[in-house]
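Q: Take a look at this one; I'll ask things after.
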Amino acid sequence: MTSASPAFQDQEFPRGSSSDKTLLSLDAAIQRALDIAEPVVDVEDLSIERSIGRALAETVDATMDLPPFDAAAMDGYALQIGRLSGDSPWTFPIIDCLLAGDEPDGISDNGAVRIMTGAPIPTGFDAVVMQEHVERGEQSITVTEPPKEGLNIRRRGEDARPGDRLLNPGREIGARELTALSAIGRTTVSVRRRLEVTLICTGSELVQPGFPLSDGQIYNSNRYAMLADLSKPWINLTDYGAIPDDITRLTSALTKASKTADVIITTGGMSVGDADYLPRLFEQLGGESAAIKVAMKPGKPLTVGRLGAAIFLGLPGNPVSVFTTFALIGARTLRRRAGFSDSLPIRIQARVNFSLKRRPGRVEFRPATIIGYAGPTPVLSVAESGFSARISALASASGFAVFPPGLSELAPGDTCDFIPFSPLAARY
């Protein structure tokens, strides 16, 4: 059995053709994109309710003990261990009951206190015996095993004390972050401003869905894929729709976007055809390239660089290539520009149920579908060769099977890296 891991090694690898020698490895392309994507500096203070999905722009330290008092960790009975004298069993009268939120003051110390999870421990009591571990009488309980001090008690400050770090800048504010913020009583938080992103889909063949197609035309699916990817709380999107392969109109759009956008994303027009104007326009308008042509499949015709103050992401025109290059390079670049901490795609090991022979040279991301499991390991079926033009293969896939540059063949039962589109898809 062989393995197709690791996926993204930045290494010397066999070349499929002489032209591949000019290609940049995917790892190097990602790093160059991240290096130029300096985070926006402006911040704003928002209510924690409005901060969901935004990039945290401050450190958050605990300002109080968590929990703020000794609390019951289980439903049961609070006891004083010192009152367990003599041999077992020990019987105690039930003298009170405490629920979460009750005040514990004024409780005498001559018996057991019925107590619920989260309720404060009354002064002088030092253990909580689970209700399943006592014999309940009408107004008393009997204990046969002596509890240890602190049993089933969450001590004040055991989670965090004032000054303990809870959150670092760059976190995307979600359920866990709001839990921490609200637990210490915060009502507002500092976040990075929204990222200004301009989307330009190019191609004279593109037609908006809802209109009839003429011969040679296709619907602009790239626009809708990107609208889904860019519908984020931290993005303010300017959508130029589809622009034909017209030098004047493309020049106007790029010039305007370079003055207002933090990131410009284009689709199509990045290859070497007669109507592929974007690489030449990018250069003529003063664009500075960080990465051109990447040793990946699909997605080789790709440009990452700067245009004015904006980061420029020139994606291919093929829908599967657009999806792949944005998922692996574009999304991480935008997140870095928006001020989020680095995040890596989730990769797991999977088995294949097919034979594969391929020409080494580029790391390949092929749409794959989970068809079963070998124990906890997913088993994959993948799209046939030529998948980069097959929208149906992408639509039905569970994620990417990853074939590293030097891989030439796989046999059924071999392993490869798998990047699930949804992490849960690979887990349950």
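The values are calculated or read from the model by the stated rules, or taken from the named source; none is laboratory data. What you see is a predicted model, and the numbers here were worked out from it, not measured in a lab. Methodologically, a virtual Cβ is constructed for each residue, glycine included, from the backbone with ideal geometry; neighbour enumeration extends over all protein chains shown.
Q: Let me confirm something: among 179, 187, which residue is over 22 Å from the mean Cα position of the chain (by Cα), surrounded by fewer than 14 Cβ atoms within 10 Å (Cβ to Cβ) and hydroxyl-bearing (Ser, Thr, Tyr)?
A: Being over 22 Å from the mean Cα position of the chain (by Cα), surrounded by fewer than 14 Cβ atoms within 10 Å (Cβ to Cβ) and hydroxyl-bearing (Ser, Thr, Tyr) holds for just one of 179, 187, which is 187.
Q: Now a separate question. Do the conditions hold for residue 186, that is, is it basic (Lys, Arg), over 23 Å from residue 312 (Cβ atoms) and touching a Ser or Thr at 6+ places or on another chain (Cβ under 9 Å)?
A: Here the answer is yes, as residue 186 does meet what is asked.
Q: So which residues in the range 273-288 are free of Cβ contacts under 8 Å to residues at least 40 places away in the same chain and under 20 Å from residue 324 (Cβ atoms)?
A: 276, 279
Q: Could I ask something else about it? Give just the number: which of (1) small (Gly, Ala, Ser); (2) within 30 Å of residue 45 (Cβ to Cβ); (3) outside any loop (DSSP other than H, G, I, E, B) does residue 82 not satisfy?
A: Unmet condition: (2).
Q: Does residue 242 satisfy being at pLDDT below 95, surrounded by 17 or more Cβ atoms within 10 Å (Cβ to Cβ) and more than 16 Å from residue 193 (Cα to Cα)?
A: Here the answer is yes, as residue 242 does meet what is asked.
Here's the yes/no breakdown for (1) in contact with a Lys or Arg (Cβ under 6 Å, 6 or more places away or on another chain); (2) over 20 Å from residue 335 (Cα atoms):
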| position | (1), (2) |
| --- | --- |
| 23 | yes, yes |
| 32 | no, no |
| 38 | no, no |
| 42 | yes, no |
| 46 | no, no |
| 70 | yes, yes |
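Q: Right, something else. Go through the range 203-219 residue by residue and tally those that are under 32 Å from the mean Cα position of the chain (by Cα) and on the phi > 0 side of the Ramachandran plot.
A: 1
Q: Go through (1) more than 29 Å from residue 172 (Cα to Cα); (2) in contact (Cβ under 8 Å) with a residue 24 or more places away in the chain for residue 314 and report which single condition fails.
A: (1)
Q: So, restricting to strands (runs of 3 or more DSSP E) that lie completely within the range 95-146, which ones have at least 1 residues that are of a type in the set (A, V, I, L, M) and over 11 Å from residue 79 (Cβ atoms)?
A: By residue number, 127-130.
Q: May I pose another question? Return yes when residue 4 is modelled with pLDDT of 95 or more, among the small types (Gly, Ala, Ser) and not assigned by TED's automatic domain parsing to the domain that holds residue 264 and no when it is not.
A: no
Q: Still on this structure, I have one more. Restricting to the range 205-223, and then to whatever is surrounded by 14 or more Cβ atoms within 10 Å (Cβ to Cβ) and not charged (D, E, K, R), can you tell me which residue is farthest from residue 49 (Cα to Cα)?
A: Only one residue tops the list, namely 217.
Q: Determine if the range 186-193 includes at least one residue that is outside the structural domain of residue 329 (by TED's automatic domain parsing) and either assigned to a helix (DSSP H, G or I) or under 19 Å from residue 253 (Cβ atoms) (or both).
A: No, every residue in the range 186-193 fails to be outside the structural domain of residue 329 (by TED's automatic domain parsing) and either assigned to a helix (DSSP H, G or I) or under 19 Å from residue 253 (Cβ atoms) (or both).
Q: Only one of 155, 194, 171 is among the basic types (Lys, Arg), surrounded by fewer than 16 Cβ atoms within 10 Å (Cβ to Cβ) and at pLDDT 95 or above. Can you tell me which?
A: 155
Q: Taking the criterion of being farther than 13 Å from residue 320 by Cβ and out of contact with any strand residue (DSSP E or B) (no Cβ under 6 Å at 6 or more places or on another chain), would at least one residue in the range 389-407 satisfy it?
A: Step one: filter the range 389-407 for residues farther than 13 Å from residue 320 by Cβ, giving 398-399, 401-407.
Next cut, out of contact with any strand residue (DSSP E or B) (no Cβ under 6 Å at 6 or more places or on another chain) only: 406-407.
Yes; the residues of the range 389-407 include at least one that is farther than 13 Å from residue 320 by Cβ and out of contact with any strand residue (DSSP E or B) (no Cβ under 6 Å at 6 or more places or on another chain).
Q: Given (1) of a type in the set (Ser, Thr, Tyr); (2) touching a residue at least 12 places away in the same chain (Cβ under 8 Å); (3) assigned to a helix (DSSP H, G or I), where does residue 204 come up short, assuming only one miss?
A: (3)
Q: Within the range 147-182, track down each residue that is in a loop (DSSP other than H, G, I, E, B) and closer than 30 Å to residue 39 by Cβ.
A: 162, 163, 164, 168, 169, 170, 171, 173, 174
Q: Further, regarding this structure: Go through the range 219-317 and tell me which strands (runs of 3 or more DSSP E), entirely inside it, have 3 or more residues that are closer than 14 Å to residue 330 by Cα and assigned by TED's automatic domain parsing to the domain that holds residue 327.
A: Those strands (runs of 3 or more DSSP E) span 263-267, 288-292, 303-307, 310-315.
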